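**Student:** Provided herewith is a single structure, encoded as structure tokens, for subsequent inquiry.
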Amino acid sequence: MDPGPQSAGEGGSDAGTAAERRPLAPTAAQTTAENPWPVRQLSVKVNEYIGRMSPLWVEGQIVQFNRRPGAGMSFMTLRDVDVDMSFSVPVREYVLRGMAVEPTPGARVVVHAKPTFWSKRGSLQLEADDIRPVGLGELLAQLEQLKRVLTAEGLFDASRKQPLPFLPRTVGLICGRESAAERDVVVNAQRRWPAVRFEIREVAVQGAKAVREVSAALRELDGLEEVDVIIISRGGGSIEDLLPFSDEQLVRLVTGARTPIVSAIGHEVDTPLIDLAADVRASTPTDAAKRVVPDIQAELDQLTLGRTRLRAAIRARLEREQSALDALRSRPVLESPGTILSGRADEIRSHLSLARTLVGSRLDRARDQVDHLGRQVRALSPLATLERGYAVVQTPDGALVRSPEQAPPGQPLSVRVAGGRFGAERAEHDPYLPLTAPDYPEES
């Protein structure tokens, strides 16, 4: 074997081991080209430095949100609104449950988080323990909280809703001054029912005066007896513009009104709280006009159709009844009414004959039975026994004499035979019999 290469190999291995075991620079400033930090050392140092940072509040915009309810942890990406920079923010489930509104992409939030460094991947993230909406998000959170409170009170329950009248005498309309919403409601309602009447109150529908003026107009119209339905209408706008129609005071006023309320605020996607409190929610002012008055042409068409169907139904009914009457009149019993009486008379005569036969047979059987019972009674009568030669002997007190001991000698007796009764007296001895009577066998 050649020891040269082996020695060289062993020398190279020792050099590598020595390089790995040399002491690392304690700080970043002490590193050199000959003594650099490995990547893992840099990762450890960064993790130690960031771990000493205190939790802080960070503002940003949510650009991505992944909800993972089953895992107990969700993830969102927080981006700076001015520069293209973002951080991954893991959020635990209990933090999300404490929020009034669930985070959505595009919302601006303030996050209280602790910066953490993922050393294996070399990435920085923020572990959030509190998230609060700002700007529009905070406003939406307040509205959501108010919605939950009013819902718990039952102000939005379907049982509180009033039905709209079929044809109101007067329609109350609350709208902006010279607004497109007013024209949409009035023009479309009059197109559907030209005779419709309006009580219009033009008020501020945006700004600080909106709630006060809308509430005053609603109270006034609700107090008019001829007003059968009230429309509160406004065109579209931002959430801030439609904010007066989510005011708690106005919502409670709408809920307590005696007149049915139709809410036509904004567009289909806009849902202020007054929409939930109103008896009917219309998607647009035009839709509100269609809901409060019927279409006269459609009603005339329905009336014409109803008359046509009624005539056809009456004609068909008369024809059916006439056919049934003709069928009855064509029957033999109606052509010759005496036929049914003749048949019934024969049936009655047959029943009478049968009844006489049955009654006569029953009387004959009863007569035979009476005769038979009479013969039995006569055969069992004591008189029949006396006619065969027997007699009945009685003492003066009427007791029957059944043995000689009951009639001592000299005792007067009464003897009854078939022909009548005569008296007798017990003699000392019977002159016709011996003194000692022979023994007779006892009757079995």
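The values are calculated or read from the model by the stated rules, or taken from the named source; none is laboratory data. Since the model is a prediction, treat every value here as computed from it, not as a measurement. Here the Cβ is made from the backbone with ideal geometry for all residues, glycine too, and neighbour counts use every protein chain on show. SASA here: full protein model, heavy atoms, side chains in, ligands and nucleic acids out. Shrake-Rupley method; radii C 1.70, N 1.55, O 1.52, S 1.80 Å.
**Student:** Check whether at least one residue in the stretch 212-221 is crowded, with 19+ Cβ neighbours inside 10 Å, assigned to a loop (DSSP other than H, G, I, E, B) and out of contact with any helix residue (DSSP H, G or I) (no Cβ under 7 Å at 6 or more places or on another chain), and report yes or no.
**Tutor:** No, every residue in the stretch 212-221 fails to be crowded, with 19+ Cβ neighbours inside 10 Å, assigned to a loop (DSSP other than H, G, I, E, B) and out of contact with any helix residue (DSSP H, G or I) (no Cβ under 7 Å at 6 or more places or on another chain).
**Student:** Sticking with this structure for a sec: Within the stretch 94-105, restricting attention to residues that are open to solvent by 30 Å² or more (accessible area, probe 1.4 Å) and touching an Asp or Glu at 6+ places or on another chain (Cβ under 7 Å), which residue is nearest to Gln145 (Cα to Cα)?
**Tutor:** Out of the qualifying residues, it is Ala100.
**Student:** So for the stretch 54-77 (the condition being touching a Phe, Trp or Tyr at 6+ places or on another chain (Cβ under 9 Å), of a type in the set (Val, Ile, Thr), free of Cβ contacts under 8 Å to residues at least 24 places away in the same chain and open to solvent by less than 50 Å² (accessible area, probe 1.4 Å)), does at least one residue qualify?
**Tutor:** yes
**Student:** I've got another one for you. Tell me which of these Asp247 doesn't satisfy, since it passes every other one: (1) surrounded by 15 or more Cβ atoms within 10 Å (Cβ to Cβ); (2) under 19 Å from Gln162 (Cβ atoms); (3) of a type in the set (D, E, K, R).
**Tutor:** (2)
**Student:** If we keep just the residues of the stretch 363-380 that are of a type in the set (A, V, I, L, M, F, W, C) and over 24 Å from Ala418 (Cα atoms), which is least open to solvent (accessible area, probe 1.4 Å)?
**Tutor:** The selected residue is Ala366.
**Student:** Checking the conditions here, which among Arg281, Arg307, Arg291 is closer than 30 Å to Arg169 by Cβ and open to solvent by less than 80 Å² (accessible area, probe 1.4 Å)?
**Tutor:** Arg281
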